[in-house]
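Data block below; observations after.
The values are calculated or read from the model by the stated rules, or taken from the named source; none is laboratory data. Computed from a predicted model, the values in this text were never measured in an experiment. Here the Cβ is made from the backbone with ideal geometry for all residues, glycine too, and neighbour counts use every protein chain on show. These accessible areas exclude ligands, DNA and RNA; they are computed on the full protein's heavy atoms, side chains included. Shrake-Rupley method; radii C 1.70, N 1.55, O 1.52, S 1.80 Å.
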Amino acid sequence: MTHNLKIYNTLSRKKEDFEPINPPFVGMYVCGPTVYGDAHLGHARPAITFDTVNRYLTHLGYRVRYVRNITDVGHLQGDADEGEDKIAKKAKLEQLEPMEVAQQYTDTYHRDMEALNTWKPSIEPRATGHIPEQITLVENILKEGLAYVVNGSVYFDVLKYNETYEYGKLSGRVLDELISGSRDLDGQGEKRNSVDFALWKNASPEHLMKWESPWGMGFPGWHLECTAMSSKYLGKLFDIHGGGMDLMFPHHECEIAQGNACNHQDPAKYWMHNNMITINGQKMGKSLGNFITLQELFKGDHKLLEQAYSPMTIRYFILTAHYRSTLDFSNDALKAAQKGYKKIINGLRIAKKLEFVAADTMALDTDQIKQVLSSISNAYRAMDDDFNTAQAIGHIFNLLKKINSIYTGQLHVAVFGKDIFDQMIQTYVIFVEKILGLKEEVANNQEGFLDVLLKLYSESKTARNYDKVDEIRNGLKDLGIVVKDMKDKIDWAYEE
């Protein structure tokens with residue numbers, strides 16, 4: 001089928017036809033974590049959102065270069081230009097070198113992303129590995145007359161920039177309002193204007209992370225790294241820039257300003273932003289006591305959690321909402337997601353086992369065929385409409401109903417014909433595994449172990465040893481496995 005993929009572009013505030021700059025190649029840059037603590041729910045959503053974008057573009061035949069950075073320097077407390085570096089602060093608290101902190105939490109981030117079944121990015125550059133490129137960018141912006149040096153620090157001159165370009169066009173912020181809203185900073189610091197932002201910061205003698213530069217010992221501003229690394233690996237103009245909605249201002253707004261200052265053009269054609277996560281209707285935050293790391297979720301080790309929730313339950317739950325919608329975590333919502341995920345995976349097991357059996361005396365059922373074809377086209381149509389995984393999952397469940405009906409004997413495979421049957425099974429498997437990125441969470445030897453138990457269950461049933469039958473059934477139920485007694489076979493499924 002043909003695809004007319006549309007992406008909601010934050011910059012234009014509307015859905016646009018996706019037309020890559022250099023098809024079939026697609027360049028995508030996504031802001032990664034600042035590695036000073038364990039990954040939490042806020043990290044999971046953009047990771048899964050843009051992993052799904054990557055998966056679907058790849059499925060459509062595009063060759064995606066997916067760049068996701070690691071911020072290991074320059075991100076100061078409060079996301080501003082003053083205060084302590086987040087990683088350096090953590091290093092002091094734990095009496096470690098800053099790079100030990102960065103490595104430790106980069107490793108745990110990778111562990112959690114692997115658990116969520118996200119593909120590794122094509123390139124994962126670190127800010128500290130690109131200091132020369134960042135210094136060159138600062139020099140170029142200074143040459144353009146859009147930055148100034150004060151006491152070894154370099155600041156971007158937003159008002160001067162705004163004479164030629166439009167600062168605030170991504171976030172919708174009005175510069176005059178930004179200035180009037182921050183008058184208290186005027187005359188108190190090094191900046192000419194409160195809206196100016198740091199490109200390079202002078203480092204005090206006790207500062208742990210600093211490098212030589214034309215302006216003295218210092219370190220890059222937070223916004224600079226993404227401009228340096230995206231342009232190096234994807235070019236001055238690339239297809240998609242992604243990240244959380246909280247990065248839209250000031251981070252992405254500053255990236256646009258830096259891109260225009262250096263290259264006289266916006267850095268990205270399409271800007272995508274996933275919405276925020278709330279917990280029981282509240283914004284997630286350490287001060288509120290509702291800050292939940294991914295490991296706490298996986299282990300159930302948090303006062304707000306009634307039980308543990310597996311990585312695939314978390315992934316499925318995030319996909320059940322459109323990425324631009326607010327996502328509220330609660331125990332009830334996660335339990336519902338757990339049930340839905342198990343239904344999907346039970347269907348995956350069945351789909352992989354079903355085989356087409358011809359029946360010469362059975363006619364094709366045109367209504368059933370139409371329903372299957374409609375579900376398939378609608379699932380793709382949902383993904384083509386700004387990656388609407390929530391709607392796509394609904395259409396995949398319609399296919400699951402057909403698959404379960406065949407499995408239970410309510411429908412014969414012959415009513416679909418082999419081509420439609422194959423198309424239905426292939427679409428279901430592709431969507432579940434390749435596009436949505438869901439997988440079965442079992443040990444490698446579980447299938448063989450269950451086969452042995454089911455054989456013993458069948459023999460006990462034939463021998464009318466009902467005590468043994470109940471013992472096996474109840475024991476498996478305790479493990480979340482349900483025995484399926486069917487007319488012509490005995491099977492198992494995950495308890496939903």
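Output the pairs from LYS434/LYS487; LYS299/LYS477; LYS14/LYS160; LYS401/LYS484; LYS352/LYS477 with a Cα-Cα distance over 25 Å in this structure; if there are none, say none.
Working: LYS434/LYS487 33 Å; LYS299/LYS477 21 Å; LYS14/LYS160 29 Å; LYS401/LYS484 17 Å; LYS352/LYS477 23 Å.
Listed pairs above 25 Å: LYS434/LYS487; LYS14/LYS160.
Using the Cα centre of region 404-444 as the reference point, and only Cβ charges (+1 on K/R, -1 on D/E), how large is the resulting charge dipole? Debye, rounded to the nearest 20. Walk me through the numbers before you get to the answer.
Values: 3 positive and 5 negative charges, 12 e Å.
The calculation lands at about 60 debye.
Given only helices, namely DSSP H runs of n ≥ 4 each adding -39500 (n - 2.57), what is the per-residue ellipticity at 222 nm of the chain, to the nearest 500 deg cm²/dmol? Could the numbers behind the result be given before it?
On the way: 16 runs with 210 residues, N = 496.
Theoretical 222 nm ellipticity from helices: -13500 deg cm²/dmol.
Compute, for region 4-75, the length of the dipole vector about the Cα centre, with Cβ point charges of +1 (Lys, Arg) and -1 (Asp, Glu) only. Units Debye, rounded to 20. Intermediate results must be reported in sequence, preceding the final value.
Working: 9 positive and 6 negative charges, 47 e Å.
Charge dipole of region 4-75: 220 debye, to the nearest 20.
Which whole-angstrom value gives the distance between the alpha carbon centres of region 335-352 and region 372-403?
A separation of 15 Å, based on Cα centres.
Name the residues whose placed amide hydrogens come within less than 5 Å of the amide hydrogen of ILE292, ignoring near sequence neighbours (fewer than 5 apart) on the same chain.
Counting only residues 5 or more places away or on other chains, the set is LEU41.
I'd like to know which of GLN282, SER460, SER171 lies farthest towards the positive end of the charge dipole of the chain, counting +1 on Cβ of Lys and Arg and -1 on Cβ of Asp and Glu.
SER460
Accessible area per residue, 1.4 Å probe, Å², for the chain: what's the number?
On the way: 22540 Å² over 496 residues.
I get 45 Å² per residue for the chain.
Nearest 5 is fine: what % of DSSP beta bridges in region 158-315 come out antiparallel, could you say?
Numbers: 6 of 12 bridges.
Around 50 percent antiparallel, to the nearest 5.
Answer with one residue from ASN193, LEU208, MET229: the one whose Cα lies farthest towards the positive end of the charge dipole of region 189-241, charges on Cβ with Lys, Arg +1 and Asp, Glu -1.
Toward the positive end, the furthest listed residue is ASN193.
Which aspartates and glutamates, if any, have their Cα less than 14 Å from the Cα of LYS120, not counting same-chain residues under 8 positions apart?
Partners found: ASP51, ASP107, ASP112.
Quick one: putting +1 on the C-beta of Lys and Arg, -1 on the C-beta of Asp and Glu, what dipole do you get for region 345-419 around its Cα centre, in Debye to the nearest 20? If you can, show how the numbers build up before the last one.
On the way: 8 positive and 8 negative charges, 62 e Å.
Using Cβ point charges on Lys, Arg, Asp and Glu, region 345-419 gives about 300 debye.
Can you send over the carbon and sulfur percentage of the accessible area for the chain, probe radius 1.4 Å, protein chains only?
C and S fraction of accessible area: 48 percent.
Putting +1 on Lys and Arg Cβ atoms and -1 on Asp and Glu Cβ atoms, find which of SER374, ALA333, LEU304 reaches farthest to the positive end of the dipole of the chain.
My answer, from the dipole projection, is SER374.
Which order do you get for LYS191, LYS232 if you rank them by accessible area with a 1.4 Å probe, largest at the top?
On the way: LYS191 55, LYS232 105 Å².
The residues order as LYS232, LYS191, largest area first.
Let me make sure I get this right: for region 83-134, a, b and c are the square roots of the gyration tensor eigenvalues over alpha carbons, sorted descending. Under 1.5 in a/c it's rounded, otherwise prolate if a/b > b/c, else oblate. Which is it? Present the calculation step by step, with values, prior to reporting the outcome.
Working: a/c = 2.87, a/b = 1.32, b/c = 2.17.
Verdict is oblate for region 83-134.
Cβ under 11 Å from LYS269's Cβ, LYS269 left aside: what net charge do those residues give with Lys, Arg +1 and Asp, Glu -1?
On the way: positive: none; negative: GLU16, GLU19, ASP239, ASP266.
Residues close to LYS269 contribute a combined charge of -4.
Keeping every protein chain in place, order THR49, THR2, THR320 by accessible area at 1.4 Å, biggest value first, i.e. largest first. Before the final figure, lay out the partial values.
Values: THR49 15, THR2 130, THR320 55 Å².
Result of the area sort, largest leading: THR2, THR320, THR49.
Beta carbons within 10 angstrom, averaged per residue: use that to sort the peptides 297-303, 86-92, 70-76, 219-225, highest first.
Working: 297-303: 14.3, 86-92: 20.6, 70-76: 22.9, 219-225: 26.4.
Final packing ranking: 219-225, 70-76, 86-92, 297-303.
List the residue ranges in the chain for DSSP H helices whose C-alpha atoms run 20 angstrom or more along the long axis and whose Kyte-Doolittle average is -0.5 or above. Numbers along the way, then the final one.
Details: long enough: 41-59 (27 Å, -0.27); 98-115 (26 Å, -1.26); 331-353 (33 Å, -0.68); 366-384 (27 Å, -0.41); 389-407 (26 Å, 0.38); 446-462 (24 Å, -0.21).
Span-like helices in the chain: 41-59, 366-384, 389-407, 446-462.
Distance between the C-alpha centers of region 219-245 and region 43-91? Whole Å please.
10 Å
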